[in-house]
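Enquirer: One structure coming up, written as structure tokens, with questions to follow.
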Amino acid sequence: MDRKEIKPYSQCNVLIVDDEPMSRLLLQTILDTEFHCTTVESGSDAISYCVEALPDLVLLDMNMPDIGGLEVCATLKAAPETKDIPVIFVTSTMDIKSENACWEVGASDFVMKPVNASTLTHRVKTHLQNKLRTEFLEMMTFHDQLTGLYNRMYLTKEIPLLIKQVARDQSTVGVIMVDIDYFKLFNDTYGHLEGDICLQNVAEILSDNIRRPKDAVIRFGGEEFLIILPYIDEDGTKLVANQLVDAVAKAKIPHGKGIENRVSISAGFAVWKATDVVRDDLAALIEDADSSLFEAKELGRNQARG
Ligand code: GH3
Ligand code: MG
Ligand code: MG
Ligand code: MG
């Protein structure tokens with residue numbers, strides 16, 4: 001996702017679900033000029049498409065032979081990944097009972113058949129706008145603007161929930177604190193703007209090397225990054241920490257006053273076990289990683305310690 005602005009309607013994927021070919025064609029013809037449309041002909045296809053492709057909005061027929069629209073909507077609203085996709089019902093039969101049923105399963109709106117093209121387009125736009133704005137604000141709240149990484153707000157809001165989940169699963173979580181070496185000297189040599197670019201480059205290298213969906217790379221402070229690795233043990237954490245140190249060194253970002261004239265990082269890591277009640281606290285875990293980082297600095301930088 002572009003982190004600087006809200007994406008345009010033309011990039012929004014609208015899913016049209018209807019068992020009648022003529023209805024699908026009509027809706028698609030109306031909407032195709034402004035949005036990117038995909039069509040499916042059954043409730044079950046709609047659910048599997050949504051889980052896989054996460055469309056921005058769903059136009060949903062009420063009556064279909066396999067799974068009806070109400071059940072499709074309820075299924076989408078029950079799953080965390082699909083619950084925020086707005087659903088607009090498109091139907092010819094709408095008494096008060098069905099209307100209420102639509103709201104109860106989590107519909108955002110409904111449009112009557114035969115559809116008025118202008119009303120349909122406007123309703124779709126309104127709900128897309130709400131969704132895109134909410135997504136954008138959430139993204140801004142939880143990300144650092146310079147690097148695009150997660151920020152401290154994400155750390156305090158989301159990570160404790162993740163750690164609780166790890167504890168319930170009786171597993172472990174690895175934490176790595178990363179700090180760029182001699183970064184003050186980098187700024188002094190090349191200027192603050194180049195320093196910002198360096199931060200972006202290092203952030204990208206860290207992200208490229210942390211690939212599991214539940215892992216998080218957080219900009220913790222100025223040139224400090226915190227990496228949270230749920231369900232990883234001590235050996236795994238150590239391996240990742242060393243990989244990060246190597247990856248930054250291998251990138252050979254010039255730094256006249258750095259180790260071997262390159263930008264390098266130091267890393268300190270710690271691992272929390274679900275059974276280890278004494279350390280059942282994010283702050284304590286970060287402190288552990290931080291004191292290991294101090295050791296890495298003391299031992300000459302450009303290395304990981306745990
Ligand atoms: P060490 O190897 O011991 O970590 O030395 P260091 O110079 O990296 O450590 P120090 O904490 O003294 O310096 C951190 C520097 O990071 C100081 C500050 O100017 C710079 N910095 C912090 N945030 C930013 C930022 O957003 N942009 C830029 N360009 N520099 C930043
Ligand atoms: Mg139908
Ligand atoms: Mg620092
Ligand atoms: Mg530093």
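Enquirer: Run down MET177, MET112, MET153, MET94 and say which single residue is aliphatic (A, V, I, L, M), free of Cβ contacts under 8 Å to residues at least 40 places away in the same chain and over 27 Å from LEU60 (Cβ atoms). Before you say what the answer is, go through the steps one by one.
Expert: Details: MET177 fails: free of Cβ contacts under 8 Å to residues at least 40 places away in the same chain; MET112 fails: over 27 Å from LEU60 (Cβ atoms); MET94 fails: over 27 Å from LEU60 (Cβ atoms).
None of the others qualify; the one that does is MET153.
Enquirer: Still on this model: Out of the residues in the stretch 147-197 that are among the hydrophobic types (A, V, I, L, M, F, W, C) and within 16 Å of ligand 4 (Cβ to nearest atom), which is nearest to ASN302 (Cα to Cα)? Outline the logic, then answer.
Expert: We begin by selecting, within the stretch 147-197, every residue among the hydrophobic types (A, V, I, L, M, F, W, C); these are 149, 153, 155, 159, 161-163, 166-167, 173, 175-178, 180, 183, 185-186, 193, 197.
In the following step, the residues that additionally are within 16 Å of ligand 4 (Cβ to nearest atom) were identified as 176-178, 180, 183, 185-186.
Numbers: ILE176: 14, MET177: 13, VAL178: 10, ILE180: 9, PHE183: 13, LEU185: 15, PHE186: 15 Å.
The selected residue is ILE180.
Enquirer: Going through LEU149, LEU120 one at a time, which residue ends up being within 21 Å of ILE232 (Cβ to Cβ), surrounded by 19 or more Cβ atoms within 10 Å (Cβ to Cβ) and at pLDDT 95 or above? Before you say what the answer is, go through the steps one by one.
Expert: Details: LEU120 fails: within 21 Å of ILE232 (Cβ to Cβ).
Being within 21 Å of ILE232 (Cβ to Cβ), surrounded by 19 or more Cβ atoms within 10 Å (Cβ to Cβ) and at pLDDT 95 or above holds for just one of LEU149, LEU120, which is LEU149.
Enquirer: Now for a separate question. Quickly run through the stretch 1-45 and pick out the residues that are of a type in the set (Gly, Ala, Ser) and more than 23 Å from LEU76 (Cβ to Cβ).
Expert: Quick first cut of the stretch 1-45, residues of a type in the set (Gly, Ala, Ser) only: 10, 23, 42-44.
SER10 - this is the single residue of the stretch 1-45 that is of a type in the set (Gly, Ala, Ser) and more than 23 Å from LEU76 (Cβ to Cβ).
Enquirer: From the list GLU194, GLU158, which one is without any contact (Cβ under 8 Å) to a residue 60 or more places away in the chain, within 16 Å of ligand 1 (Cβ to nearest atom) and at negative phi?
Expert: On the way: GLU158 fails: within 16 Å of ligand 1 (Cβ to nearest atom).
Residue meeting the stated conditions: GLU194.
Enquirer: Show me the helices (runs of 4 or more DSSP H) found entirely inside the stretch 144-225 where at least 3 residues are in contact with a Gly (Cβ under 7 Å, 6 or more places away or on another chain) and more than 18 Å from ALA283 (Cβ to Cβ).
Expert: Working: elements: 152-168, 183-190, 192-208.
Here the list reads 183-190.
Enquirer: Next up: Filter the stretch 218-243 down to the residues that are within 10 Å of VAL175 (Cα to Cα) and within 16 Å of ligand 3 (Cβ to nearest atom), then identify the one that is surrounded by the fewest Cβ atoms within 10 Å (Cβ to Cβ).
Expert: In this case the residue turns out to be LEU226.
Enquirer: Would you call GLU81 more than 16 Å from ligand 4 (Cβ to nearest atom) and either at pLDDT 95 or above or hydroxyl-bearing (Ser, Thr, Tyr) (or both)? Please lay out each step first, then the result.
Expert: Values: more than 16 Å from ligand 4 (Cβ to nearest atom): yes; either at pLDDT 95 or above or hydroxyl-bearing (Ser, Thr, Tyr) (or both): no.
When the stated conditions are applied, GLU81 does not pass them.
Enquirer: If you take the residues in the stretch 62-109 that are within 16 Å of ligand 2 (Cβ to nearest atom) and β-branched (Val, Ile, Thr), which one is surrounded by the fewest Cβ atoms within 10 Å (Cβ to Cβ)?
Expert: Among residues in the stretch 62-109 that are within 16 Å of ligand 2 (Cβ to nearest atom) and β-branched (Val, Ile, Thr), the one surrounded by the fewest Cβ atoms within 10 Å (Cβ to Cβ) is THR93.
The values are calculated or read from the model by the stated rules, or taken from the named source; none is laboratory data. Source: prediction; values computed, not measured. Counting neighbours? That spans all protein chains shown, and the Cβs are built from the backbone with ideal geometry, glycine included.
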